[in-house]
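All remarks here apply to the structure that follows.
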Amino acid sequence: MQVGYNDKPERLEGKLVYLADRKGDLWLPRRRAYTVRGLYSDLKYHDVGEAFYQMQFDGSVIRKWRTAPLWGLGSTAPYGHDGASLCIDDVIRRHGGEALQSRQAYTALSRQERRMMLDFLESLVLYQTDRLPCDIDGDGKISDHFMVAGMDTGLERFNPEWLFKVPGKIEGPTENVYGEKITSFALTNVRESYGLDLEYLKDSDGDGFPDVIDPAPFKRGYKDGEN
Ligand code: HEM
Ligand SMILES: [Ca+2]
Ligand SMILES: [Ca+2]
């Protein structure tokens, strides 16, 4: 999904981008490389000092942690693998070891410069793709009343259930326990849309073992709970 800011409705909007080409009846994946922007991690392990060390129950000590991607930082407090830092300033000041110079550079900034740095880090917020307005049927518009399986689902957005082979059909307008009018997004065709009756998913006794591998497909429990 390509996401950009649209000045007119003043919101982030998405657009589906195909990573495959249609050839006859088949979709052929392009398999080309792509760049992920804004991850802010080297995805490597570093010793960032004692303040991050963790003693395990067997007495061994974990000294290296994988650099946590900073995207989403603004809404993912508390920080550090242990969540021991309640704010971003705290977790930066916890850095030592291989990151000592970075911490020193940070603490040497003026108050105002530090504020700018934190403002930037706090601006790294991830959005929920399934709530993002998005043109998923490719007609070039984002509909306010997107119809799926004959039901008005409201704002057109990237909800995977709309893209199923058998799209999810929502319950639609109803009343909640307070008598208020609401739209229920509960699916009324869960079995068909999720393919729960497909040969390899069908689970007649509902014990989590599909019939095809369940020695007793009509008694709950694998081999009736014997083993
Ligand atoms: C000014 C530069 C830096 C800033 C602003 C910064 C910021 C941060 C923040 C905000 C976190 C917490 C992320 C979270 O919990 O979601 C973090 C974690 C981490 N950072 Fe940095 N960092 C800096 C430099 C470095 C450097 C130079 C290294 C390594 C050489 C490093 C290694 C790590 C590691 C390994 C973690 C994960 C710690 C854990 O999971 O407990 N950082 N950093
Ligand atoms: Ca559309
Ligand atoms: Ca079963």
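Every number in this text was worked out from the coordinates using simple rules, so none of it is lab data. These numbers come from a predicted model, not from an experiment. Here the Cβ positions follow ideal geometry from the backbone for every residue, glycine too, while neighbour counts run over all protein chains shown.
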Worksheet item: Given a Förster distance of 35 angstrom, what is the FRET efficiency for Val190 paired with Arg30, based on the Cβ-Cβ distance and rounded to 0.05?
Response: 0.60
Worksheet entry | segment 93-186, relative contact order in percent, only Cα pairs under 8 angstrom and at least six apart counted | 16 percent
Discussion item. Rg/Rh for the chain to two decimals, with Rh computed the Kirkwood way over all alpha-carbon pairs.
Written reply: 1.08
Fill in: Summed side-chain charge close to Ala105 - residues other than Ala105 whose Cβ falls under 11 Å, Lys, Arg +1, Asp, Glu -1
+1
Worksheet entry | With Cα atoms, 0 to 90° folded angle of helix 111-122 axis to the chain main axis | 20 degrees
Worksheet entry | Partners for Lys219 among lysines (Cα-Cα distance below 21 Å; same-chain residues under 8 apart left out) | Lys202
Practice prompt. Give the distance, in whole Å, between the Cα centre of segment 101-177 and the Cα centre of segment 39-82.
Written response: 27 Å
Worksheet item: Do the alpha carbons of any pairs in Lys15/Lys141; Lys8/Lys169; Lys141/Lys181 sit beyond 21 Å of each other, and which pairs?
Response: Lys8/Lys169; Lys141/Lys181
Item to complete: Would you look at the GNM of the chain, springs on alpha carbons closer than 10 Å, and say which of Ile88, Ile142, Ile62 moves the most?
Response: Ile62
Fill in: Rounded FRET efficiency, nearest 0.05, which uses the C-beta distance separating Arg37 from Tyr222 and R0 of 45 Å
0.45
Worksheet item: To the nearest 20 debye, what is the magnitude of the charge dipole of the chain about its Cα centre, counting +1 on the Cβ of each Lys and Arg and -1 on the Cβ of each Asp and Glu?
Response: 1080 debye
